[in-house]
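The values are calculated or read from the model by the stated rules, or taken from the named source; none is laboratory data. All values derive from a computational prediction rather than experimental measurement. Don't worry about glycine lacking a Cβ; one is built from the backbone with ideal geometry, like all the others, and counts go over all protein chains shown.
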Amino acid sequence: MISLTLATLLPGLLLLAIGGLLLLNNTAVIAAFKAMPRSPVATALFFGGASLWFLSRVWTLSEADFGEYRVVLFIGFGIVAGLSFVYVPDFLAVRGLAALVLLAATPLLGAAYMEYHHPQRLLMVSLVYLAIAAAIWLGASPFRLRDFFGWLFATPGRPRTVGGMLAGYGLLLSVVAFTY
């Protein structure tokens, strides 16, 4: 269980980093964003990381959560994850990123659970729920991220505008994290 301060600070720093990259509007950054949906490196990082995180969650299942079948589930999901790299590599990085968002939402929302005396927590919680909705949508239609990047980088001003908004919200979250 992580603290509410850390649960608010981590998304804030992540938004600051992504927003800062978009504010740079560098050709290398643009190329990296555009290549990410089909990148083998991003696939290994995002889908591999999500697979390992999910398998660790399966391995620690309690008896009430099918824990008596955890070895079978672990092996079955491990095989599916391994075969995904071979048979469905297209946009697997996007699906992995979506899975990471869904897995990361649990500790973030858990830190804010029952913290009603901190209304500023809703700045982080709202972002997490928006990220969950986006992850479900992109997990079902991963090509939409490629289309979004095409739209984002179509004009030079868009990445800076979106980057500024993300960095601004990230800065707000980073400041709010120290008000609990």
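Structure summary
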read-out: Selection count, region 64-111, where residues are over 30 Å from residue 32 (Cβ atoms), among the small types (Gly, Ala, Ser) and touching a Leu at 6+ places or on another chain (Cβ under 6 Å); value: 2
read-out: Filter pass, residue 158 being assigned to a helix (DSSP H, G or I) and under 18 Å from the mean Cα position of the chain (by Cα); value: no
read-out: Tabulated pairs, region 62-88, first over 14 Å from residue 52 (Cα atoms), second part of a helix (DSSP H, G or I), C-beta under 7 angstrom, 6+ apart or interchain; value: 66/73; 70/58; 70/59
read-out: Checking residue 50 against (1) at pLDDT 95 or above; (2) exposed (fewer than 15 other Cβ atoms within 10 Å of the Cβ); (3) not aromatic (Phe, Trp, Tyr), the condition it does not meet; value: (2)
read-out: Helices (runs of 4 or more DSSP H) wholly inside region 1-119 containing at least 2 residues that are farther than 22 Å from residue 135 by Cβ; value: 4-24, 27-35, 70-87
